Structures are given as C-alpha cells and as structure tokens.
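Student: Okay, handing you the structure first.
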Amino acid sequence: MSTPHPALFEALLRLGDDRLVLGHRTSEWCGHAPILEEDIALANLALDLIGQANLLLEYAGAVEGAGRDQDALAYFREAIEFRNALMCELPKGDYAVTIARHFLHGVFSVLQWDALSSSTDATIAGIAAKALKESRYHVRHAGEWMIRLGDGTDESHRRAQDAVNLLWPFTGELFMPCSDDAELAAAGVTADVSSFEAKWRETIDDVMLRATLTVPEGAWMQRGGREGRHTEHLGHMLAEMQIVARSHPGAQW
Amino acid sequence: MNPTPTVAEDPSRLAEFEARIAADGTIEPKDWMPARYRSQLIRMMSQHAHSEVVGMLPEGNWITRAPSLRRKMILLAKVQDEGGHGLYIYCGTETLGVDRQELVQQLLDGKAKYSSIFNYPTLSWADMGAIGWLVDGAAIVNQTMLAKASYGPYARAMVRICKEENFHKRQGYEIMATLANGTPAQKAMAQESLNRWWWPSLMMFGPHDKDSSNSDELMRWGIKRKSNDELRQRFINLTIAQVKAINLTVPDPDLRYNEATGDWETGPIDWDEFWRVVKGNGPCNKERLAARRAAHAGGAWVREAALAHAEKQQ
C-alpha cells in the first residue's frame, strides 16, 4: 500500500478489533473452564482470534502509513479509538454467555470471512481464507454447546436463554454498515455487512430451535462500538491488556 | 491416595517382572505388575497430570497482560499445551485402572500433590520467561529420564510431551534474553525474577537422594532411571551456562565450579522452605486449590447439561 487509505484503515480496525477484544475475553477463561477439554478448546479459540487480529492490525498499520505496527495499534490506542462491536467487549459472564457470544458472533464471522475471501485486496482475501477455516470450527464448537446447554438441564436452559437475551440487543450492530465502507464494498475490497443478516438469522433460528431456545423479538439494538462509543467495560479490559506495554514505552519484548 | 498394598506378591511372577525390567523390557497395561508398582505409577502420573493443570494458573495469570500480540499468542499456545499434557497423562493413568474423575477429586480434596513450584506467585512479566526457562527446563531434564520409564504408556507420553516442553523452554529463555538485553528496567525485571525462581526450580527435583523415601523402589522398577541429585546437577550445569550467556547472575554467593568433576556446585538448598510449601504453606497453595475448586464447582451445571443432553440422544 503506497498511499494512506483512511477508509480501508478503519475497515481493518473494525475487523481486527472485533477479534482482538473477543479473543481477549475468551483468554480470560484459561485455567478456569468447566472441564479440561473446554480449557483447551477456549484457549484454541482465543489463539485463533488473536492470531487473526495480529494479521489484520499489522495490515491496518501498513495501510495507515504512519509507522504503527500491530502492537502500537493494540497497546497504545485509547478505548475511544477501538472499533470493535460492543458485543465483543462485554464481560465474559458465565459459560453460557461465552458460548452464546461465540455462536452469535461466529456465525457472522463465517459469513464475513466467506465474502472477504474473494476480496479484490489480496492481503484481505488471504487472511479471510485462513480465518474462514478457523471460524467454521468455532461455530461448530459453539453451536454444539448451544444445543447441549439449551436442551440439557433446566438450569442450563435458563442460563442459555438468559445469555441469548443479554446478547441479543448487541447483534444488530454487526449488520449496521459504516458510511466510510460503501465505496470499499462497492469496489469488492470489503463486503457490505448488512447483506449477511438474512443468512445469519437463518442459521441462528435453526440452532435456536434445536436448542429449544427462543429468539428474542423487538429488542432495541445497541450500537456505538464502530464509532468508538463503547460500554464502560472496554476501558477496564484495555487497562489490564495494555499495562505492561505502556509501563515500558519503546521497549522490545 | 492409593494405600500401600500389604498383600505379598507371587514370588515367581515378581521375579519374572523384575527380570523383564532389568533387561530393559517395557511393561504394558495388560501385563501383570506388582500392586505396589501400579500404585506408585498412579501416584506419579496423576501428580504429573495435576501439575500440568494447576500449572496453567500461574501463567494464565499473565495472558491478559502479555506485552505484545506475539508473546500473547505464544503464551496462550503454551498454556493450551499444558492442558493437553494434563489430559494426555490423565488418559495414560486410566490405563492403570483408575478414572480421571477419581483423580481430579483427590486433587480437589487436597489429597493429591502437584508440583510445588506452582505454589509460587507470578509477579512480573519476566516470570513468564523464568517459568518457561527454569521450570519447563527442569521438567525436561526430569521427563527426558521418564521417557525411558519402564511403563510403556507413561514413557510414550513423555516422548511426546518433551518435544513440546522444549518449545516452552526456548520461548521462556527467549523472553529472558530479550529482557536482559532490553532497557535497564527490563533487565532489572529479569534479574529479580531469576532471583525468585532459581531456588524453587532446584527444589523441583525433590529432596536429596538420602532423604527421598520413594526413590529406591522407583529406581529398581525402572520408573525412574536417575536419582534426584543426579538430575538436579545436570540441570544446574546446563542452566549456569545459559545464565552467563545473557549476563544475569544466580542468587547464590557460594556457587563455584568444581574443576575435578566439571560440575557447578551450589550453596545449601533451603529444605525447610521446600517442606513448608509441600505441606501446604507456600505463598499460593490455598489460592491454586481454590481456583481449581471454583472452576470445578462453577462448571458443574455445564457438565450436567452435557450429560443430560447426551442421555436425551440415546
């Protein structure tokens, strides 16, 4: 990328920050999961997501052309400069919240990576092709657990339904296009997120039905993350994530 | 833990078993083995599995604060490996006729031991370096020996695990070397961490041979092939060269090189501290166990749901 491209930079931050923040939340489970197999699975999920973020933010830094690498973007931005969807930054909650979030966001991710794997930008297409494989596994894992939890015991059903109810108002933001994205989407560099909603809903409805869970209707959809207006949770998350790096500015690790 | 069996073994079978081990034969799950061999293996293997699982906690403590994305990914992969090792060794232990649930319950009840090193706190980022380098480094010395253990499933597990532990050790040493060559604050962080982890890592090999109650039997049956002191000395010799290469120092004014033996000899190890931590009074014993118990209790409804759902499918 020879000339700075602000709209593409923003689009890459939206992609990368979702994965960085959700990956961070997932990594908080490490050593504390309900069974050892899930400790391993969640660490793997977190690793995939942070790996995706690493590539996306590296490219974002190159596109920005201001000399920032992925670590400068991850560790030295303030919360208001993050572009992740609000859903990703909510506290990890119980296991049902963690699973429901991976499911709701994961199905969106599969659609997004599938579309972006034919991006006219070769770097994005390459990252998307790799991420698509990972996200398909994430959805399989989370989808199976949605059904186990929804159609398990009374308690797990209640917790799974509570988790969906909590997260549902944050799903709308995933499909809200940003004004600076229209030109890039038209050129086939990015993909119009609003085009994913119908298919997303189809998959969600199918799994929710099998999980004996109810899709909430008529919820007010929260938004703000894509413009840097976050929940109060992100600042605390970043305070923890960034503390070591910011305590030693300029240091190599 | 499993009580020491009092039954006398059939002398001819025992003789055959010991001859097989003396000839470097491998014992497999379906082979006859003395009850005491079985119980010693269950003890060692389950302690090893518990150590992997509890060992996820001190490093897990820094995943969310890792100072670069690359380091965060490496640390996540490492802690994930440890979970995998735990699972693998629990499965290996099940070949001896115990189930994992029973072993996990012993850990949660405070009846089973795990490596005492994980009862020390991780206080700085440099501890991620020190643990990978020293703790995993010490584990490799021990496990390379265990890869030749007489019990086949354990030996094979160790071969596979050692490969991953080598990667863990390298990443730990790389963290320390980077810090030691970094800013003055980073170098101080590395030295302070080495000061805290040096002696506990030497204690990982267990008491001196003369004070080690299980060692004779474990050696005779080929479960262990080298003594605690031999392994510890090997680790010290390997590590001192690495310490010097990155211009750090070990916190031992008595350290000296013995020209005649080619060994680095350390000052006295504080065995009072060792036994204090083994007996439950280390800085983090209670926290580590509390974290495992909380995860287990907090996850009960998830495990119940999985079981209930599986039953509905039948």
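Student: Quick one: net charge of B:Thr266's neighbours, Cβ under 10 Å, K/R +1, D/E -1?
Tutor: Details: positive: B:Arg232, B:Arg256; negative: B:Asp252, B:Asp254, B:Asp263, B:Glu265.
Value of the local net charge: -2.
Student: Normalised by the residues of the stretch A:5-247, what does the relative contact order come to in percent, with Cα pairs under 8 Å and at least six apart? Intermediate values should be presented prior to the final figure.
Tutor: On the way: 351 pairs, mean separation 60.3, N = 243.
It rounds to 25 percent for the stretch A:5-247.
Student: Please give me, ordered by residue number, the chymotrypsin sites (Phe, Trp or Tyr not before Pro) of the stretch A:139-241 that lie in loop per DSSP and have at most 13 other Cβ atoms within 10 Å.
Tutor: Numbers: sites: A:Trp145, A:Phe170, A:Phe175, A:Phe196, A:Trp200, A:Trp220; in loops: A:Trp220.
Here the chymotrypsin sites (Phe, Trp or Tyr not before Pro) that fit, given the DSSP loop and packing criteria, are A:Trp220.
Student: Let me ask something else about it. Where does each of B:Trp271, B:Trp62 land when they are ranked from fewest to most other beta-carbon atoms within 10 angstrom? Please list the in-between numbers first.
Tutor: Details: B:Trp271 13, B:Trp62 22.
Fewest-to-most ranking of B:Trp271, B:Trp62: B:Trp271, B:Trp62.
Student: Okay, next question. Order these by the 10 Å Cβ neighbour count, fewest first: B:Asp24, B:Asp229. Working shown, then result.
Tutor: Working: B:Asp24 9, B:Asp229 16.
If I rank by nearby Cβ atoms, fewest first, I get B:Asp24, B:Asp229.
Student: Take peptide A:18-27, look around each residue's Cβ out to 10 angstrom, count Cβ atoms belonging to other protein chains, and average those counts.
Tutor: Working: counts 0, 0, 2, 0, 0, 4, 3, 1, 1, 8.
Mean shielding count: 2.
Student: Output ³J(HN,Hα) for the stretch B:144-152: one whole-Hz value per residue in order, computed from phi by the Karplus curve 6.51 cos²θ - 1.76 cosθ + 1.60 with θ = phi - 60°, and x for Gly and Pro.
Tutor: 5, 5, 5, 5, 9, 5, 6, 8, x
Student: Please identify the trypsin sites (Lys or Arg not before Pro) of the stretch B:64-159 that satisfy two criteria: DSSP loop assignment and at most 14 other Cβ atoms within 10 Å. Which are they?
Tutor: B:Lys111
Student: Report the calculated FRET efficiency for B:Lys286 and A:Ser247 (r = Cβ-Cβ distance, R0 = 25 Å), to the nearest 0.05.
Tutor: Values: r = 29 Å, r/R0 = 1.17.
Given R0 = 25 Å and the Cβ-Cβ separation, E is 0.30.
Student: Neighbouring Cβ atoms within 10 Å as the yardstick, rank B:Ser215, B:Ser116 fewest first. Spell out each step's value before the answer.
Tutor: On the way: B:Ser215 19, B:Ser116 22.
Going from least to most buried by this count: B:Ser215, B:Ser116.
Student: Between B:Lys30 and A:Glu155, what FRET efficiency follows from the Cβ-Cβ distance if R0 is 41 Å, with the result rounded to 0.05?
Tutor: Values: r = 42 Å, r/R0 = 1.01.
Efficiency for this residue pair is about 0.50.
Student: Amide H to amide H, which residues 5 or more places from B:Asp263 or on other chains are under 5 Å from it, using H placed in the peptide plane?
Tutor: Hits under the 5 Å cutoff: B:Asn258.
Student: Turning to a different aspect of this structure: Per residue of A:43-53, count partner chain C-beta atoms within 10 Å of its C-beta, then hand back the mean as an integer.
Tutor: Working: counts 13, 5, 2, 6, 8, 2, 1, 7, 5, 0, 3.
Rounded to a whole number, the mean comes out at 5.
Student: Another question, if that's okay. For the stretch B:68-127 and the stretch A:73-112, what is the centre-to-centre distance using only Cα atoms, to the nearest Å?
Tutor: With the stretch B:68-127 and the stretch A:73-112 each reduced to a Cα centre, they are spaced 28 Å.
Student: Specify the residue with the greatest mean-square fluctuation among B:Ala294, B:Ala112, B:Ala190, computed from a Gaussian network of chain B linking alpha-carbon atoms under 10 Å apart.
Tutor: Fluctuation is largest for B:Ala294.
Student: Report the calculated FRET efficiency for B:Ala8 and B:Arg70 (r = Cβ-Cβ distance, R0 = 60 Å), to the nearest 0.05. Working shown, then result.
Tutor: Working: r = 59 Å, r/R0 = 0.98.
Once rounded, the FRET efficiency stands at 0.55.
Student: Would you mind giving the mean number of other chain beta-carbons within 10 Å of the Cβ of each residue in A:139-149, as a whole number? Could the numbers behind the result be given before it?
Tutor: Numbers: counts 0, 0, 0, 0, 0, 2, 4, 0, 2, 9, 6.
Taking all residues of A:139-149 together, the mean is 2.
Student: What spacing in nm lies between the two simple spin-label points modelled at A:Ala182 and B:Gln101, each 7 Å away from Cα in the Cβ direction?
Tutor: That separation, rounded to one decimal, is 6.0 nm.
No value in this document is a laboratory result; all are computed from the given coordinates. What you see is a predicted model, and the numbers here were worked out from it, not measured in a lab. Positions of Cβ are backbone-derived with ideal geometry, glycine not excepted, and every protein chain shown enters the neighbour counts.
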